[in-house]
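Read the structure below first, then the notes.
The values are calculated or read from the model by the stated rules, or taken from the named source; none is laboratory data. Keep in mind that what you see is a predicted model, and the values were worked out from it rather than measured. Positions of Cβ are generated from backbone atoms using ideal geometry, with glycine treated the same way; all protein chains shown enter the neighbour counts. The protein model used for the area step is the full one, side chains on, heavy atoms only, and it has no ligands, DNA or RNA in it. Shrake-Rupley method; radii C 1.70, N 1.55, O 1.52, S 1.80 Å.
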Amino acid sequence: MGDPVLSQDAAPPIDAARVIAAPPVRTEVTWDDRDVRLYHLALGAGVPETDDRELAYVYERHTRGLAVLPTFGTVAGGTGGIGFQVFDLPGVRVDLARALHGGQEITVHRPLPAAARATAVTRVPAVYDKGRAAVIIQESTLLDEDEQPLLTQRNHIFVHGAGGFGGDRGPADPTPVPDRAPDHVFDLPTLRQQALLYRLTGDWNPLHADPATARAAGYDRPILHGLCTFGMAVKAVTDRLLRSDPGRVTGCRTRFAGVFFPGETLRLHVWDHPGGNGYLLRATAPDRDDAIVLSHAAVTVR
């Protein structure tokens, strides 16, 4: 069966002009070093437990201070960061079952502190028409107590059956990986319980915990959060190519291209960026014939 056809009098699922014109939503968020340490542990940090570089992510009394990955911004405040507030905006009448988190972008203005009171200012700068689907861009900037930006992130929300409204298709795909062997390959093991651990950062979707919910969605067992695999990838680049210095990361992005199951190995394929300012990435699941998990991914550095 195809998507249902709206009558001429029916309201479209997304009124793009109305959503874009909606005023920004301000949300107060706080975090402390416990939240940061839990997030890093959920990515697999702390192995081996005697490695000084790993302890920098998980030990609050580390001599150099607690390191904070920029991807922590996606969960800052304990609610998955900014959540998907777009579904509460006027002009959005979308069944959540038809929406997917398609991609993520992060721009770092200043390194995130280990503890802060901040404000997330969230808006929708664009809605793209992909034909039978729409992509809503939800943008949120974390501001410190002086209203200075720390980090801006963009969630790409793919909504089935919401396109065809005659809007802009959006920009061309970002730079693909080169058509050659990668410059670096990293294999990252994961824990069978990793999704259960990552849920404690604030994403309570039962798809990542409940076997019955996973089977109803077509999976043999619960899947790992896309933002967890993304965080693992950014951490691996930081540790292995940037001397474990997250302060060098100026931005990162990914497209969530496929599922990943806790307990599998995440294989990270890395190419030096042709512009010399970072790395292009692709992540696969070698346990399933290198099925693609993350695509069109990149980490930019200073």
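Observations on the model:
- Candidate set from segment 4-53 (those that are acidic (Asp, Glu) and at pLDDT 95 or above); member that is least open to solvent (accessible area, probe 1.4 Å): Asp51
- When Thr254, Thr238 are checked against the criterion of being outside any loop (DSSP other than H, G, I, E, B), closer than 30 Å to Pro13 by Cα and in contact with a helix residue (DSSP H, G or I) (Cβ under 6 Å, 6 or more places away or on another chain), a single residue qualifies: Thr254.
- Residue match in segment 221-232 (condition: touching a residue at least 60 places away in the same chain (Cβ under 8 Å), in a helix (DSSP H, G or I) and either on the phi > 0 side of the Ramachandran plot or β-branched (Val, Ile, Thr) (or both)): yes
- Close pairs from segment 289-300: first outside any strand (DSSP E or B), partner surrounded by 14 or more Cβ atoms within 10 Å (Cβ to Cβ), Cβ under 6 Å, at least 6 apart: Asp290/Thr284
- None of Ala118, Ala134 is within 25 Å of Arg169 (Cα to Cα) and open to solvent by less than 50 Å² (accessible area, probe 1.4 Å) except Ala134.
- Tally of residues being within 18 Å of His184 (Cα to Cα) and crowded, with 21+ Cβ neighbours inside 10 Å across segment 255-267: 1
- The C-beta contact set for segment 171-191 (first residue free of Cβ contacts under 8 Å to residues at least 60 places away in the same chain, second residue assigned to a loop (DSSP other than H, G, I, E, B) and hydroxyl-bearing (Ser, Thr, Tyr), distance under 7 angstrom, 6+ apart or interchain) is empty.
- Matching residues in segment 182-227 - criterion: being open to solvent by 60 Å² or more (accessible area, probe 1.4 Å), out of contact with any strand residue (DSSP E or B) (no Cβ under 8 Å at 6 or more places or on another chain) and among the aliphatic types (A, V, I, L, M): Leu191, Leu196, Leu200, Ala216
- Given (1) under 21 Å from Gly231 (Cβ atoms); (2) buried (at least 17 other Cβ atoms within 10 Å of the Cβ); (3) within 19 Å of the chain's Cα centre (by Cα), number of the condition Val124 does not satisfy: (1)
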